[in-house]
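The next block holds one structure in the form of structure tokens; read it before the comments.
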Amino acid sequence: MVVSGRTQSIYRTEVSTDVLPPDGAEESWKQRLSAIRALSGGEAVRRTFDLAPGAHAVWYGNNPRVPSSIVLEAVRPMSDHLFKLVRRSETGKESLAEKLVRDILDSYAPHQTSSGFCIGYGAITIEPAQRESVSITLKHQTLPGIETSIETATVDRPDDESSPLEEANVFAKSYGGKMQVLRDKKRAVAGLMGHEIRIVLAVPGQPETLRFNWHYAGTAGDASRPKIDVAGTATGTQRAELEAVWDKLLDSLQPVPLSKR
């Protein structure tokens, strides 16, 4: 399985890492600024500056209909990758946004994934936030049709209302189809007791679809126990392959200690 999509957010700030481009960090930043300027003939850019030593940043407007809506982007090059941050804000609140993004920037530890908020090439070691979220999609390298995803989010209260089984049943019936339940029971993953379902969806005129899901409701205000949804999909003829991928994925998930900072 290879990562085909990934988004992560902490303190309402999108964070990501990317491989250092062949042309270097400076050329990459120039190209990004050019792309932002192209949004509205250059009028979108409000200010370019260094947010911190070695960290380029830009403020720009992202909605001509709402002039007060602005975005802060920052990037700091590491030895072999880039650390990127995006924060949405409003005119007049720039200093607060810059301080928060700077704090996140300064807490980044490259090549550390043993603790903290992991984001690919490293981890953010700032104090855990009440708002953290992760979404990762993976596709099979040799078997088209097999896809898995992992989504996590901190919660104010446990998400006990989500029902993938009921949602799938409603979907099947709305198209005159039917649903077959292969599994519907509790399962522990990474030391957390969640609920696992495995179903087959049959809709007239469409190939049968396999849908696997594992759901953990989360613990209120606990970044170490967020709501977690793991999903897997495949065609009906790929059941054995999806089951192998699914069990390997769930068995590989492990808790990551919070930052001690």
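The values are calculated or read from the model by the stated rules, or taken from the named source; none is laboratory data. Bear in mind that the values here come from a model prediction, so they are computed numbers and not experimental data. Cβ sites come from the backbone with ideal geometry, for glycine too, and all protein chains shown count toward neighbours.
List of remarks:
- Residue within segment 127-144 that is more than 27 Å from residue 225 (Cβ to Cβ), buried (at least 17 other Cβ atoms within 10 Å of the Cβ) and either touching a helix residue (DSSP H, G or I) at 6+ places or on another chain (Cβ under 9 Å) or in contact (Cβ under 8 Å) with a residue 12 or more places away in the chain (or both) present: yes
- Flag if residue 16 is at pLDDT 90 or above, touching a strand residue (DSSP E or B) at 6+ places or on another chain (Cβ under 7 Å) and not aromatic (Phe, Trp, Tyr): yes
- Residue within segment 85-107 that is more than 29 Å from residue 46 (Cβ to Cβ), surrounded by 15 or more Cβ atoms within 10 Å (Cβ to Cβ) and in contact (Cβ under 8 Å) with a residue 12 or more places away in the chain present: no
- Filter result for the condition that a residue is among the hydrophobic types (A, V, I, L, M, F, W, C) and more than 19 Å from residue 149 (Cβ to Cβ), over 234, 240, 190, 244: 240
- Selection count, segment 157-188, where residues are free of Cβ contacts under 8 Å to residues at least 12 places away in the same chain and of a type in the set (Val, Ile, Thr): 1
- Residue 166 over 28 Å from residue 8 (Cβ atoms) and exposed (fewer than 15 other Cβ atoms within 10 Å of the Cβ): yes
- For residue 15, the conditions (1) within 22 Å of the chain's Cα centre (by Cα); (2) not in a strand (DSSP E or B) all hold with the exception of (2).
- Residue match in segment 78-90 (condition: of a type in the set (Val, Ile, Thr) and under 30 Å from residue 39 (Cβ atoms)): yes
- Considering segment 196-212, the residues that are of a type outside the set (A, V, I, L, M) and closer than 17 Å to residue 148 by Cβ include one that is surrounded by the most Cβ atoms within 10 Å (Cβ to Cβ), namely 212.
- Test: residue in segment 209-222 that is acidic (Asp, Glu), assigned to a strand (DSSP E or B), under 28 Å from residue 109 (Cα atoms) and in contact (Cβ under 8 Å) with a residue 60 or more places away in the chain: no
- Residue 183 satisfies every condition listed in (1) touching a helix residue (DSSP H, G or I) at 6+ places or on another chain (Cβ under 9 Å); (2) farther than 29 Å from residue 258 by Cα; (3) part of a strand (DSSP E or B) except (1).
Here is a yes/no grid of residues against (1) among the aliphatic types (A, V, I, L, M); (2) farther than 23 Å from residue 202 by Cβ; (3) touching an Asp or Glu at 6+ places or on another chain (Cβ under 6 Å):
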position	(1), (2), (3)
221	no, yes, no
224	no, yes, no
236	no, no, yes
242	yes, no, no
245	yes, no, no
253	yes, yes, no
257	no, yes, no
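- In the set (1) exposed (fewer than 13 other Cβ atoms within 10 Å of the Cβ); (2) closer than 22 Å to residue 111 by Cα; (3) touching an Asp or Glu at 6+ places or on another chain (Cβ under 9 Å), residue 68 fails one condition alone, (2).
- Just one of the numbered conditions (1) assigned to a loop (DSSP other than H, G, I, E, B); (2) touching a residue at least 60 places away in the same chain (Cβ under 8 Å); (3) closer than 30 Å to residue 103 by Cβ is not true of residue 229: (1).
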